[in-house]
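The values are calculated or read from the model by the stated rules, or taken from the named source; none is laboratory data. Not measured: the values here are computed from a predicted model. Neighbour counts run over all protein chains shown; Cβ positions are idealised from the backbone, glycine included.
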Amino acid sequence: MLLITGGAGFIGANFILQWLAHRDEAVVNLDALTYAGNPENLRSVEKSDNYRFVHGDITDADLLQQVFARYRPRAMIHFAAESHVDRSIHGPEAFVHTNVTGTQRLSGERGNGV
């Protein structure tokens, strides 16, 4: 199983759709569904046996621990990020929170063997 973060965004959703179309390996999609995430992007696979969705924030250490413990992903692809430059001007804290703290938490969970 793969863990995909930010899988409801444009890039993440397209990766998931392509992966599921060409591979038998399941994916779990962890996404906070902020301004960039749209569950409609994955409507065609939402009932697939190879797809799981977890609504949550990559900065939530308790949730990450639960996701890693439950799904035991063999690999992680990290698409969750604040990437709209105009939004960074108005709210730089969100960029630091998601892009730095979130990435660090993901690395910590993976590094702990959870």
> Quick one: is Ala36 exposed (fewer than 14 other Cβ atoms within 10 Å of the Cβ), modelled with pLDDT under 95 and of a type in the set (A, V, I, L, M)?
Replying inline: no
> Could we say that Ala36 is within 26 Å of Gly108 (Cβ to Cβ), in contact with a strand residue (DSSP E or B) (Cβ under 7 Å, 6 or more places away or on another chain), assigned to a loop (DSSP other than H, G, I, E, B) and not β-branched (Val, Ile, Thr) here?
Replying inline: no
> Of all residues in the range 62-110 being of a type in the set (D, E, K, R) and in a helix (DSSP H, G or I), which is modelled with the highest pLDDT?
Replying inline: Arg70
> Which of the residues that make up the range 39-61 are assigned to a loop (DSSP other than H, G, I, E, B) and surrounded by 12 or more Cβ atoms within 10 Å (Cβ to Cβ)?
Replying inline: Glu46, Ser48, Asn50, Gly56, Asp57, Ile58, Thr59, Asp60
>> Just the residues that are touching a residue at least 40 places away in the same chain (Cβ under 8 Å), out of contact with any Gly (no Cβ under 6 Å at 6 or more places or on another chain) and surrounded by 20 or more Cβ atoms within 10 Å (Cβ to Cβ), please, taken from the range 5-27.
In response: Thr5, Gly7
>> Suppose we filter Leu30, Leu17 for residues that are modelled with pLDDT of 85 or more, in contact with an Asp or Glu (Cβ under 9 Å, 6 or more places away or on another chain) and under 17 Å from Met1 (Cβ atoms); which single one remains?
In response: Leu30
